[in-house]
1. Starting from the Cα gyration tensor of the chain, take the square roots of the eigenvalues, sort them a ≥ b ≥ c, and report rounded, prolate or oblate (rounded when a/c is under 1.5, otherwise prolate if a/b is larger than b/c, else oblate).
2. Sequence gap at least 6, Cα distance under 8 Å: using those rules, report the relative contact order of the chain to the nearest whole percent.
3. Extension gain ALA157-ASN297, at 0.36 nm per residue separation less the Cα-Cα distance, in nm?
4. Sorted by average packing, counted as other Cβ atoms within 10 angstrom per residue and highest first, what order do 141-149, 50-58, 356-364 take?
5. Find the relative contact order for segment 16-171 and round it to a whole percent, using C-alpha pairs within less than 8 Å whose residues are 6+ positions apart.
6. Once each part is reduced to its C-alpha centroid, what is the distance from segment 110-165 to segment 310-373 in angstrom?
7. Hey, got the dipole for the chain? About the Cα centre, +1 on K and R Cβ, -1 on D and E Cβ, debye to the nearest 20?
8. Among ILE104, ALA65, VAL81, whose Cα projects farthest towards the positive end of the dipole of the chain, with charges put on the beta-carbon of Lys, Arg (+1) and Asp, Glu (-1)?
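Read-outs: derived from the displayed coordinates by stated rules, not from any lab. Just so you know, these numbers come straight off a predicted model, no measurement behind them. Backbone-built Cβ (ideal geometry, glycine too); neighbour counts: all protein chains shown.
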Amino acid sequence: MTANNSNSPFPSGFRPGALVLADGQIFEGHLFGAPSNHDRPFSGEVVFNTALAGYQEVLTDPSYAGQVITFTYPHFGNYGVNEADNESRQIFARGVVVRDLSRIHSNYRSEGSVADFLTQQGVGGIAGVDTRRLTRHIRDRGAMPGAFGSVSVDGDARQADLARLTEAAQREPGTDGVDLVAQVTTERSYQFGTGRRKVVALDLGIKRTILEHLGTYADVTVMPASTPASEILALNPEGVFLSNGPGDPTEVPYAIQSVQDLLGQVPVFGICLGHQVLSLALGGTISKLAFGHHGANHPVRQIATGKVEITSQNHNFAVEAASLEGVATVTHINLNDGVCEGLRVNAAPAFSVQHHPEAAPGPHDSAYLFGEFEQLMERGV
């Protein structure tokens, strides 16, 4: 099968491939993006995202480091990609799984195809997959490692290729017990924004849209995740922001220690991984969800007001609310499964949320939280 369109994501023709999960489940498809190495196929922890749009923002979210993203919305690539929608310097995800990859991209903002974007980033994708079946399997069995790459169409060679992918999937460690933050954090400090407040953002895998929100009222110094509290406090910030990021929060003890030393010294606001790191700094515990929260339509209730917000989320680990009883007050809960979505520290000016108020992509119901951080800085310690 050869494409007859100059915008085709398959310039070299049809490339048969397969995704194999660690439990042996096989999902057929065809490859696009960067070519896979026969000896080292693309692999990672396979998760699914339910957002209807915003695939570029999802792809460039550093929180997906170590993961292969399955998009449940069937169409992918329709409106292309552009530089303005990148949330970070590169794609940190390990791969992409989709149902229908658009052969053309049409949007006045488009600067290229998503297939070419993936190729440039060295990231592979597999299309034509029954993503409904894959998503149901992950919901039933939980997120798990997987690997995808090329497969032969002939019998013996095909079985050998599938065996190779199965071995790669079973060899893939996933995200448990791995410090993925070290792979995505900035190597050196930099400035963002020109507002009147002075904020330090600890970069655990920060998104550009978060900085744009903070930058409306603050001069933000973004610092590496390993920065100790003494260096942060030496800048005399009015507030410290703990960013989103990938993977297992227990694998970043350096960030946990910094937050412990910051509490009570300066107002603190955390999002996503920052929420989990704050909880661990308070002595709380973390558990891993079966298949995580990845999407732009999760209902979250403010406990104080009863108001329900539709939120954007991307996390596989969650805070055990009971472990923080007497230390912090739960402020938000997820209405789908009761997961702790926010907390306020009882003895220090600090709060955090599990969801993404910057909403890139997603609804803007929770954007008010950036204003609450400014108000917290106004009150000080």
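1. Values: a/c = 2.05, a/b = 1.75, b/c = 1.17.
Prolate, because a/c is 1.5 or more and a/b exceeds b/c.
2. On the way: 970 pairs, mean separation 57.3, N = 381.
Relative contact order comes out at 15 percent.
3. Working: separation 140, 0.36 × 140 = 50.40 nm, distance 4.30 nm.
Between ALA157 and ASN297, full extension yields 46.1 nm more.
4. Values: 141-149: 23.8, 50-58: 19.9, 356-364: 21.4.
Final packing ranking: 141-149, 356-364, 50-58.
5. Values: 359 pairs, mean separation 56.1, N = 156.
The value is 36 percent.
6. 33
7. On the way: 26 positive and 40 negative charges, 96 e Å.
Value, rounded to 20: 460 debye.
8. Ranked along the dipole, the leading option is ILE104.
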